[in-house]
Structures are given as structure tokens and as C-alpha cells.
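> Take this structure, written in C-alpha cells, and hold onto it; I'll ask about it next.
The values are calculated or read from the model by the stated rules, or taken from the named source; none is laboratory data. Everything numeric here is computed off the predicted structure, so don't read it as measured data. Here the Cβ is made from the backbone with ideal geometry for all residues, glycine too, and neighbour counts use every protein chain on show. All accessible areas refer to the heavy atoms of the entire protein, side chains included, with ligands and DNA or RNA removed. Shrake-Rupley method; radii C 1.70, N 1.55, O 1.52, S 1.80 Å.
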Amino acid sequence: MTALLRYQTGLLLRSQRWLAPLLLYAAFLAVGVDAGEPVLGALGLAAAALLPVTAWSVRICVTQEPSAARNAVAAAAGRGRAHLAALVAGTALPALVGTVAALAVTATGDRRGVTAPAAVTTGLLAVLACALTGAAVGALASRPFVRAPGWSVAALVLGSLLALVTTGSPAKHAMTALITGARTATADPPWLACGGAVLLAAVCAVLACGATARLE
């Protein structure tokens, strides 16, 4: 699996297709987050913006290989394992960027009433919850479930929106915790949301890898 992850990550970095989603994320942070604003609210925005970015990144990774290369990797390692490596690679880069963003927001935000460790813990859990929820959206909105590029992009946009506003979504739960904390100046780490996101991403990955092994 390590070799597959290196392969998928190398493809992603060399293709430079990662630039578009990460530039979108940087632009959102530049416009939506100001230095000196309440840190928990700013962390909520930073985490929420990561959801569609991660979904986009996952879609890039699972569609970046030419058919011949994908078939060769599948023959050597199995289609399910190859697909899992693409999902993990597509999730890891946005999650890393989101982690850096959360630390930067914590350093520059107004932490009045909230300690730095509490803000960092809350922000990182929210980032993880939103990134994993985005990964689940990306896994379901890409091959093997949705093959046509136009429909895949439409499913990606709609799925990301629903994940941000639907009651019961781990991402919405994490955002709500941060927004409420910003009003009350109390940091309640969204452990439940993070656990739910881990479970959701794992289930979607199993479904996507199983479908890939059966259908492709």
C-alpha cells in the first residue's frame, strides 16, 4: 500500500491538478477569514471550506490515471487496493493544508476566553471532520459510481452542499459546534462529529473499492 500511495501522490503532484482546489481554498480563506476575528468562528469557516476542496481533490485522484496505466496498476496490486490508495492520496493533501490553515487561524485570531490548546484541538477536529466528509462525497461522486464528467461535477457540488447543511452530517455538526462556541466563547471539541466522519469515510471507501473491484 505504501508504494501505491507514493505512486498516486506523485501523479497528483506532477499533474499540478491539485493547484485549482487549493487555490480556491486559499482564496476563500483570504476573503472570508480576517486576522483578529473570533478564533472559533474563523476555524469553522476554514473547516467548512475544506469539504468541497477535499471532494474535488479525491475526484482528481480517482480519475487522473490513463486507462492503460490504471489497468496495469490494477493487475499488479488489485483494483480495490489501487482505488483505496487514490482515495487516501486525494484526502491527505487537503487535510494537511487544512491543518496548516487551522494553526494559522488560531495564531492570528482573537482567542478571548479560549485557550490556544483548546482552540487548536477544536479546529483540528473540525478540519478532520470536514475533510473526511468531503472525501466521502468525492468517493461517491466519482468512478465507479458516476463516470460522466458533467454528472460527476454536478454530484460533487450537490453532495458538498448537502453535507454542509443536512442535519446529521458530521461536517454540519462540527461547524455548529464551532459557531456556537464563537458566540459563547467556549471551545467544545467536536469529537462525535470527527468519529462520525471517520465512520462515514470508511464506509464510503469500502463501497467505492468494492464496486471498483466488481465493475471495472
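> Return the residues of region 190-212 that are surrounded by fewer than 20 Cβ atoms within 10 Å (Cβ to Cβ) and within 17 Å of residue 44 (Cα to Cα); say none if nothing qualifies.
191, 192
> Hey, another quick one. Just for region 137-184: of the residues that are polar (S, T, N, Q) and open to solvent by 40 Å² or more (accessible area, probe 1.4 Å), which one is farthest from residue 84 (Cα to Cα)?
Step one: list which residues in region 137-184 are polar (S, T, N, Q), which gives 142, 152, 160, 166-167, 169, 176, 180, 184.
Right, trim to open to solvent by 40 Å² or more (accessible area, probe 1.4 Å) and you get 166-167, 176, 180, 184.
On the way: 166: 26, 167: 28, 176: 30, 180: 35, 184: 41 Å.
In this case the residue turns out to be 184.
> Does region 137-167 hold any residues that are part of a helix (DSSP H, G or I), in contact with a Ser or Thr (Cβ under 9 Å, 6 or more places away or on another chain) and over 29 Å from residue 191 (Cβ atoms), and which are they?
149, 152, 155
> Further question on the same structure: In region 196-216, which residues are farther than 22 Å from residue 170 by Cβ and among the aliphatic types (A, V, I, L, M)?
211, 213, 215
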